[in-house]
Amino acid sequence: MDVDTRQQQRIFEFDQDPGASRLSPDGTQLAYSPFVGGAVNISLMDLASRITKQITFDKEFLGFPAWSPDGKFLSAELHRGADTNIVILPSSGGAVTQLTFDHGNNWPQGWSSDGDKILFAKQQEDGIWNVWSVSRSTKEEKQFTHYTKPNSYVRYPSMSPRGNQVVYEYSEANGNIWMLEFK
């Protein structure tokens with residue numbers, strides 16, 4: 001959508017769900033993760049030419065990309081069995097580096113303004129979700145929140161441009177018990 005004129009324009013018609021798509025910091029490319037040939041991988045689309053290029057070739061699931069602030073790297077989810085971990089790779093394609101090695105789920109979303117830390121929602125084996133970061137340079141993980149309820153979760157952590165605030169979604173699921181007459 002052109003913000004000034006409020007005109008919308010279809011840029012591409014996908015044959016299937018493109019997965020989580022993310023616009024590059026300079027607004028020239030779209031990173032997305034379609035399901036093709038039995039696997040999920042990351043593709044890039046040049047928005048000017050509409051040319052797409054697959055940049056990962058995982059046999060299972062490597063998707064849900066998030067751009068670094070300078071646009072040089074992508075963080076993504078690597079699924080193996082019941083575990084989801086965080087990887088990074090050059091945004092032009094190339095070698096994938098795994099940053100987390102946990103049992104559970106690690107869902108990357110945002111980056112620190114200096115481009116070193118990836119913010120993610122982490123569900124550990126006990127089912128508890130919290131907001132964490134992992135350093136691209138040292139692989140050191142840091143926990144930001146300390147929730148303890150198994151019926152809650154966090155998602156979509158993002159850091160402010162100044163690097164002094166983190167915003168995220170927090171939700172609690174509550175169950176209800178009902179009774180009906182059986183006739």
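The values are calculated or read from the model by the stated rules, or taken from the named source; none is laboratory data. A quick note: this is a predicted structure, and the numbers were derived from the prediction, not measured. No Cβ is skipped: glycine too gets one built from the backbone with ideal geometry, and neighbour counts run over all protein chains shown. Just the protein is used for accessible areas: all its heavy atoms, side chains included, with ligands, DNA and RNA removed. Shrake-Rupley method; radii C 1.70, N 1.55, O 1.52, S 1.80 Å.
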*Mind listing which trypsin sites (Lys or Arg not before Pro) in the range 120-170 are in a DSSP loop and have 10 or fewer other Cβ atoms within 10 Å?*
162
*Please work out, to two decimal places, the log10 of the ratio I(q)/I(0) at q = 0.15, 0.18, 0.25 Å⁻¹ from a Debye calculation in which every Cα of the range 126-183 carries one identical scatterer.*
-0.58, -0.75, -1.10
*With contacts defined as alpha carbon pairs under 8 Å and 6 or more residues apart, what's the relative contact order of the range 1-131 in percent?*
14
*Long-range amide H contacts for residue 99: which residues qualify at under 5 Å (H placed 1.01 Å from N, peptide plane, sequence gap of 5 or more or a different chain)?*
86, 87, 88
*Residues with amide H under 5 Å of residue 28's amide H, sequence separation 5 or more or different chain, H placed in the peptide plane at 1.01 Å from N; which?*
none
*Would you mind listing how long the range 17-78 runs along its three principal axes, going by Cα atoms, in whole Å with the largest first?*
31, 23, 17
*Lys pairs under 21 Å by Cα in the chain, provided they are eight or more residues apart or on distinct chains*: 8
_Starting from a Cα-only point model with no solvent, please compute log10 I(q)/I(0) by Debye for the chain at q = 0.11, 0.13 1/Å._
-0.54, -0.72
_Give me a comma-separated list of calculated 3J(HN,Hα) values for the range 52-59, in order, Karplus coefficients 6.51, -1.76, 1.60 applied at θ = phi - 60°, integers in Hz, x for any Gly or Pro._
10, 9, 6, 10, 10, 9, 6, 7
_In sequence order, calculated HN-Hα J values of the range 83-100 (Karplus, 6.51, -1.76, 1.60; Hz; x Gly/Pro)_ = 9, 10, 10, 9, 10, 10, 7, x, 5, 8, x, x, 5, 9, 10, 7, 9, 10
*Find how much the distance from residue 26 to residue 178 grows on full extension, using 0.36 nm per residue of separation minus their present alpha carbon separation; answer in nm with one decimal.*
49.5 nm
*asked:* Counting only protein heavy atoms and a 1.4 Å probe, tell me what percentage of the chain's accessible area is made up of carbon and sulfur.
replied: 51
